[in-house]
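Heads up: the structure comes next, in structure tokens.
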Amino acid sequence: MKRRPVCLVCLILMFCIWLMDLAGFARISGNPLPESVQLYIEKHPEAVICGEVQQYQATEYSLSAYLKHVCLIVGSEQIPIKNLRVFLKSNKEFPIGTTVKISGKLEEIPEPRNPGEFDSRQFYACQKIYYFMKNGAVLAWSSKYSRYGQFMQNLKSKIMQTLDIAAKEDAGIFEAMLLGEKDNLEDEVKIRYQMAGIIHILAISGLHISVLGIGFFDLLKRAGFGNVSAGMVVLSVLLQYGILTGESVSAMRAVGMFLVAVGARIAGRTYDLLTALAVSAVLLLLDAPANLYNSGFWLSFGAVAGLGVVAPVLAGCIRVENRLAASVMKTLVSSIAVQMTTFPIMLRIYGEISLAGFFLNLLVLPTVSVVLVSGIAAVAVGMASVSAAVYVVLPGRVLLFLYEKLCELAAGIPFCTWIAGSPKLWQCAGYYVLLFLGVEILGMSRGTVTWNGATGKRAGNHAFMQEEKNHGEGKGWLRKYQLLSGISGIMLILGLGILIYHPSGNLQITCLDIGQGDAILIERNGKFALIDTGDVEHRPRMAEYLRKYGVKKVDTVIITHPHGDHIGGMFSVFANAEIRQVYDNGVPTSLSTYKTYRKILDKRKIPRRTLRGGEKIQLLDGVPFTVVGPLEKSNARGENSRQNNESIVGLLKYGNFTMLFTGDAEAEEEASILKSGADVKSVVLKAGHHGSKTSSTEEFLRAVSPKAVFISCGAGNNYGHPSRQTMKRLEKWGIDVYRTDRQGTITLTTDGKRYEITKEH
């Protein structure tokens, strides 16, 4: 750090921002606007604002505009509220830089409600946007606008039109790679690239800047430009490119590093990658401290740190004489280094990592520049002739076709994706400490012993051979190398162990925010059970949860009854995890979801059993589940059965802790259970039928006597769940209420004696 003071400054700045966030400074992860302004907007959401049009974005249902320098108009006063995204009623576009006056409803950008959910608040905070305006109606606009801003907007539109025609179905990928525009990128493509470990090529990165900047710089130098003039021209072009691509973190990081590189060349100084990286990080954090929690920030900077810190050390331990083999080894080392430094970040974001990516990147990284160049060339040619651009972009499209086939091949390989779940922050920190200590130790032995690729034998480098010749201490140096390498390897293994460590012993019950449905994940000692799976529309969300929690196998699945909001997400479970045992109430329906559910069970030969009152099963090892309903003598009549009152109701017990799960049981089934004399007394109750007025009767609450109640329901649902009557009854009994519609995912952790409940929101 003594030789890299900027790196030290960067680390100190990050630490200070983190401490400020812990202290509650809203500028980092909250709303930095004055509390008086926030309260006013909360009380008067219907508001009038004015601001300057920055860009437009088409959504599925409307046109949205990004405004900068926005002011809230209150009488004759204008109160600054930073930037704003407005969803407009009309599709009328105004020139970039136009000042507009708009009325609509202001809504604070919500916090994430579920683990692993995209953090919209943090994403927009990096752009200094803290509110959305819905149903925006333009009241007035200025005649003045930014000719430069409009030119850049028109240029971007022209580029996208050219790519749409020239690249056809591959246009979305080219737009993402060249412009950072991912609206036209199909979700299937993103998932496919992510699963294969090559999704990084879809982001604006240093590779783009290298292709554009270094290539252009060298071209100007050959044309007779000096370092200063060539550098100024290239920097100007790259800054415009950064603006054109929406000033993404990765793009501006790359531009900042190129700025340092050109500055070093102009000043006659040595370029240092880590110093350039630190300069870019400091500039981005000073501009928007919220970037500290931006996943794109960490992925971009983590990847470059891997190339600057880890890759040189790994490369220093390898010597290959064959030029082709050396090139392959360099690519492999770079890929491994990037994977090592971004590993915790990928796990924390996605809960999984592609093992195939280590090998696919050997083929993708050396060729992706061809895709970029063909796209850039197609855009340039397309300005004159779009028909010619079709042929120019062809090499890039051929490579994209090969990438797709590689992704499909990787997806078909068993264990190509490792689902480990999302680690805690302390686990990530522990991994990085051990990783860089290991790299530092390995670096102490760099060059001591190398591998001769031509002969496949151990060979010494010059320093080692000279030491052996002069002092005969070659064996000592070899032992030193082996010792240091062994210590480095142990540290890396320990780091991986810390990263994937899951505390055992405690029972964790997670009531997922699955909308208007039920889905409860139960975990102990790395083993999982599910009670219901949510609705059809939330299948993607269920898949995200399973990856986030590292669920590869589900020991027990209970479908309380076959209504869509309880069984619909089962297909995400089928697709993402191995299932050992399924239980349901045995009452069939004519719903297609139920029929498909039965077909998959039969096809995969997954054991299935019907549960009735009085039975006892092991939900997980050491976690018994006693069924109290439906009773043996039920009113089930197949298609005509009232499914809510045929819900499986059961009591979970872990040590002294108990929790009653009720599905959609209503007053009728509650009364039947009480009449049977079943023991339903519980510490925690999952309210029946999403808190409906037809459930959680006075008699039932008296028998259960819960200290806390979980209610799973969707925000703003059309059913009025939970009902006022139910909430009044719960309030009357002094029961703590936890609702997914207000508090997001609810997690209960217990050691069998005490329990703790945490909320996502």
Give me the pairs: first residue in region 532-558 and over 23 Å from Pro607 (Cβ atoms) and part of a strand (DSSP E or B), second residue modelled with pLDDT under 90 and of a type in the set (A, V, I, L, M, F, W, C), beta-carbon distance under 9 Å, and six or more apart or on different chains, which are they?
none
Regarding Glu639, is this residue surrounded by fewer than 22 Cβ atoms within 10 Å (Cβ to Cβ), modelled with pLDDT under 90, part of a helix (DSSP H, G or I) and in contact with a helix residue (DSSP H, G or I) (Cβ under 9 Å, 6 or more places away or on another chain)?
no
Qualifying position, being surrounded by fewer than 14 Cβ atoms within 10 Å (Cβ to Cβ), polar (S, T, N, Q), more than 35 Å from the chain's Cα centre (by Cα) and assigned by TED's automatic domain parsing to the domain that holds Gly517, among Asn645, Asn718, Asn656:
Asn656
Within region 276-291, can one find any residue that is within 30 Å of Pro344 (Cβ to Cβ) and touching a Ser or Thr at 6+ places or on another chain (Cβ under 7 Å)?
yes
Unique match (being closer than 15 Å to Leu512 by Cα, in contact (Cβ under 8 Å) with a residue 24 or more places away in the chain and not in a loop (DSSP other than H, G, I, E, B)) among Leu748, Leu701, Leu730:
Leu748
Scan region 42-61 residue by residue and report those that are under 30 Å from the mean Cα position of the chain (by Cα) and surrounded by 13 or more Cβ atoms within 10 Å (Cβ to Cβ).
Val53, Gln54, Gln55, Tyr56, Gln57
Out of region 517-531, which residues are outside any strand (DSSP E or B) and surrounded by 22 or more Cβ atoms within 10 Å (Cβ to Cβ)?
Gly517, Asp518
Within the set of pairs 6 or more residues apart or between chains, which connect a residue that is under 14 Å from Ala529 (Cα atoms) and assigned by TED's automatic domain parsing to the domain that holds Glu646 inside region 573-594 to a residue that is charged (D, E, K, R) and in a loop (DSSP other than H, G, I, E, B) with Cβ atoms less than 8 Å apart?
Ala577/Lys552; Glu578/Lys552; Arg580/Asp555; Gln581/Asp555
Restricting to region 98-130, and then to whatever is under 23 Å from Lys759 (Cβ atoms) and hydroxyl-bearing (Ser, Thr, Tyr), can you tell me which residue is surrounded by the fewest Cβ atoms within 10 Å (Cβ to Cβ)?
Ser120
Between residues in region 507-528 that are aromatic (Phe, Trp, Tyr) and residues that are not in a loop (DSSP other than H, G, I, E, B), which pairs lie under 9 Å by C-beta distance while being six or more apart or on different chains?
Phe528/Leu521; Phe528/Ile522; Phe528/Leu546; Phe528/Lys553; Phe528/Val554; Phe528/Thr556; Phe528/Leu620
Scan region 664-679 and report the pairs whose first residue is within 21 Å of Asp584 (Cβ to Cβ) and whose second residue is acidic (Asp, Glu) and assigned to a loop (DSSP other than H, G, I, E, B), with Cβ atoms within less than 9 Å and a gap of 6+ or a chain change.
Asp664/Asp518
If you go through region 63-97, how many residues are closer than 22 Å to Asn184 by Cβ and buried (at least 17 other Cβ atoms within 10 Å of the Cβ)?
9
Test Leu499 against the criterion of being modelled with pLDDT of 65 or more and outside the structural domain of Asn576 (by TED's automatic domain parsing), and give yes or no.
yes
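Restricting region 733-745 to residues that are in a loop (DSSP other than H, G, I, E, B) and out of contact with any Asp or Glu (no Cβ under 6 Å at 6 or more places or on another chain), which is modelled with the highest pLDDT?
If we take residues in region 733-745 being in a loop (DSSP other than H, G, I, E, B) and out of contact with any Asp or Glu (no Cβ under 6 Å at 6 or more places or on another chain), then Ile735 is modelled with the highest pLDDT.
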Out of all the residues in region 143-155, is one or more hydroxyl-bearing (Ser, Thr, Tyr) and touching a strand residue (DSSP E or B) at 6+ places or on another chain (Cβ under 9 Å)?
yes
Taking region 105-123 and keeping only residues that are modelled with pLDDT of 85 or more and of a type in the set (D, E, K, R), one is left with Lys105, Glu107, Glu108, Arg121
Selection from region 139-181 of residues surrounded by 18 or more Cβ atoms within 10 Å (Cβ to Cβ) and free of Cβ contacts under 8 Å to residues at least 60 places away in the same chain yields Met160, Ala171, Gly172, Glu175, Ala176
Taking Gln194 as the residue in question, decide whether it is surrounded by fewer than 16 Cβ atoms within 10 Å (Cβ to Cβ) and touching a residue at least 40 places away in the same chain (Cβ under 8 Å).
no
Restricting the search to region 79-126, which residues are touching an Asp or Glu at 6+ places or on another chain (Cβ under 9 Å), farther than 19 Å from Ile349 by Cβ and part of a loop (DSSP other than H, G, I, E, B)?
Ile96, Gly97, Thr98
Filter region 32-41 down to the residues that are in contact with a strand residue (DSSP E or B) (Cβ under 8 Å, 6 or more places away or on another chain) and either assigned to a helix (DSSP H, G or I) or over 20 Å from Ser120 (Cβ atoms) (or both) and list them by number.
Val37, Gln38, Tyr40, Ile41
Flag for Glu404 being under 21 Å from the mean Cα position of the chain (by Cα) and farther than 20 Å from Ala305 by Cα:
no
Hey, can you tell me all the residues within region 613-635 that are modelled with pLDDT of 90 or more and buried (at least 18 other Cβ atoms within 10 Å of the Cβ)?
Gly613, Leu619, Leu620, Val623, Phe625, Thr626, Val627, Val628, Pro630
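Return yes or no: is Glu668 assigned by TED's automatic domain parsing to the domain that holds Lys707, modelled with pLDDT under 95 and within 18 Å of Glu699 (Cα to Cα)?
It is true that Glu668 is assigned by TED's automatic domain parsing to the domain that holds Lys707, modelled with pLDDT under 95 and within 18 Å of Glu699 (Cα to Cα).
Conditions tested, residue by residue: (1) at pLDDT 85 or above; (2) within 24 Å of the chain's Cα centre (by Cα); (3) outside any loop (DSSP other than H, G, I, E, B); (4) within 21 Å of Asn361 (Cβ to Cβ).
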| site | (1), (2), (3), (4) |
| --- | --- |
| Ile165 | yes, no, yes, no |
| Ile173 | yes, yes, yes, yes |
| Leu185 | no, yes, no, yes |
| Arg192 | no, yes, yes, yes |
Cβ-Cβ below 7 Å, separation at least six or inter-chain, first residue in region 36-47 and closer than 19 Å to Gly136 by Cα and assigned by TED's automatic domain parsing to the domain that holds Glu108, second in a helix (DSSP H, G or I) and not hydroxyl-bearing (Ser, Thr, Tyr): which pairs?
Ala47/Ile41
How about region 15-31: which of its residues are surrounded by fewer than 17 Cβ atoms within 10 Å (Cβ to Cβ) and either in contact with a strand residue (DSSP E or B) (Cβ under 8 Å, 6 or more places away or on another chain) or of a type in the set (A, V, I, L, M) (or both)?
Leu19, Met20, Leu22, Ala23, Ala26
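Just give me the residues in region 683-718 being basic (Lys, Arg) and within 26 Å of Tyr654 (Cα to Cα), in sequence order.
Hits for region 683-718 are Lys686, Arg702, Lys707.
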Which one of these is outside any helix (DSSP H, G or I), surrounded by fewer than 22 Cβ atoms within 10 Å (Cβ to Cβ) and not assigned by TED's automatic domain parsing to the domain that holds Glu117: Gly215, Gly246, Gly308?
Gly246
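The values are calculated or read from the model by the stated rules, or taken from the named source; none is laboratory data. On a predicted model such as this, the values are computed, not experimentally measured, just so you know. Cβ coordinates were reconstructed from backbone atoms using ideal geometry, including for glycine residues, and neighbour counts include every protein chain displayed.
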